[in-house]
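These notes are about the structure you will find just below.
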Amino acid sequence: MPVQYNMDPFSVLKVVYGDTTDGFEKSDFESNETGRGIVMPFLLRDFLAKYAYLPVNRQSTSVRFFHPNLMTVMHFTAEGIGELTLLCVGRVGEFQIAVKNEPSEDPRVFLVRLGTKSETQVLPSDDLISELIKVMLCNQLLTMKGAIIAEEPEDAVRLMRENGIDLDQIACDPKLSREYSFNYSEETETFAVAEFVKGEFLRFFFVRNEEFK
């Protein structure tokens, strides 16, 4: 039974959406780069160019990334961090998501809570842009018909067995405070997603949808 283990976000998106793409125009990126000095991470630009208007971003109730016109360059001086020039690229809850405004592939993010100068908070995070896209994918998959959260070990074991998933093939990075491992059974067209917190397994969820082709 063919199984894809520990998939990167774009491999998951390919399963979910197939060849369907709907993102921001190339000119949107270029005009903001040349006119406003925005330097967007390559991975984020690729994601927004393909999937910005699809539900994974547009309908997300967790993380959501902005149109380049709405991204802003901000200068901060934060205790313990020093002077920073950050690009605010999205939002999660009451925080803006920011990255250093410099060329990068998949940078770690900062969380910014804006207020008065004395109240503004700039918090370093161990999340990468790719990890935030995984959060968005989890958010979408869990809203799909037939999604099952298997918090009991016996349920997870049964569902893994039914879908030919080998637990020993599922990996995580213990240095990250939160991580998701996406695994996909091509035979049963089912995702088995493992959630880890600080390297410790928290729960599985399983999603099968007839739209996955």
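Translational D (Stokes-Einstein, µm²/s) of region 47-143 at 37 °C and 0.692 mPa s when Rh comes from the Kirkwood sum over C-alpha pairs?
235 µm²/s
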| Spin-label model distance (nm) - residue 169 vs residue 83, 7 Å beyond Cα toward Cβ | 5.1 nm
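Could you please tell me the mean projected area of the C-alpha convex hull for region 121-213, averaged over all directions and given in square nanometres to one decimal? Working shown, then result.
Values: hull surface 27.5 nm².
Computed as one quarter of the Cα hull surface, the answer is 6.9 nm².
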| request: Pairs of Cα atoms under 8 Å, at least six residues apart: use those to get the relative contact order of the chain, whole percent. | output: 21 percent
| note | Here FRET efficiency (C-beta to C-beta, residue 36 to residue 102, R₀ 22 Å, nearest 0.05) is 0.90
| Given the rule -39500 (n - 2.57) for each run of at least 4 DSSP H residues, summed and divided by the residues of the chain, what is its mean residue ellipticity at 222 nm, to the nearest 500 deg cm²/dmol? | -7500 deg cm²/dmol
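Can you give me the Rg/Rh ratio for the chain, using Cα atoms for both radii and the Kirkwood formula for Rh? Write out the running numbers ahead of the final one.
Values: Rg = 18.5 Å, Rh = 18.4 Å.
My calculation of the ratio gives 1.00.
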| request: For each pair in 14/198; 14/100; 100/198; 100/145; 145/175, compute the distance between the two Cα atoms and list the pairs where it is over 30 Å. | output: 100/145; 145/175
| query | Whole-Hz Karplus ³J(HN,Hα) for region 28-38, in order, using 6.51 cos²θ - 1.76 cosθ + 1.60 and θ = phi - 60°, x for Gly and Pro? | reply | 5, 5, 5, 5, 6, 5, 7, x, 10, x, 7
| Can you give the accessible area of residue 61 in Å² (nearest 10), computed on protein heavy atoms with a 1.4 Å probe? | 120 Å²
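With every protein chain kept in place and ligands, DNA and RNA left out, what is the accessible area per residue of the chain? Probe 1.4 Å, answer in Å².
Details: 11030 Å² over 213 residues.
Result: 52 Å² per residue.
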| field | the chain - percent of accessible surface contributed by carbon and sulfur, probe 1.4 Å | value | 50 percent
| Spin-label pair residue 119/residue 21, simplified geometry with 7 Å Cα→Cβ offset, distance in nm | 4.3 nm
| By how many degrees, between 0 and 90 and to the nearest 10, does the Cα long axis of helix 129-141 differ from the longest principal axis of the chain? | 50 degrees
| said: Probe radius 1.4 Å, ligands and nucleic acids left out: which of 172, 88 has the largest accessible area, and how do the rest follow? | reply: 172, 88
| Extension gain (nm, one decimal) between residue 202 and residue 70, 0.36 nm per residue minus Cα-Cα | 44.0 nm
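The values are calculated or read from the model by the stated rules, or taken from the named source; none is laboratory data. Note that this is a predicted model, so its numbers are computed, not measured. Neighbour counts run over all protein chains shown; Cβ positions are idealised from the backbone, glycine included. With ligands, DNA and RNA removed, areas are computed over all heavy atoms of the protein, side chains included. Shrake-Rupley method; radii C 1.70, N 1.55, O 1.52, S 1.80 Å.
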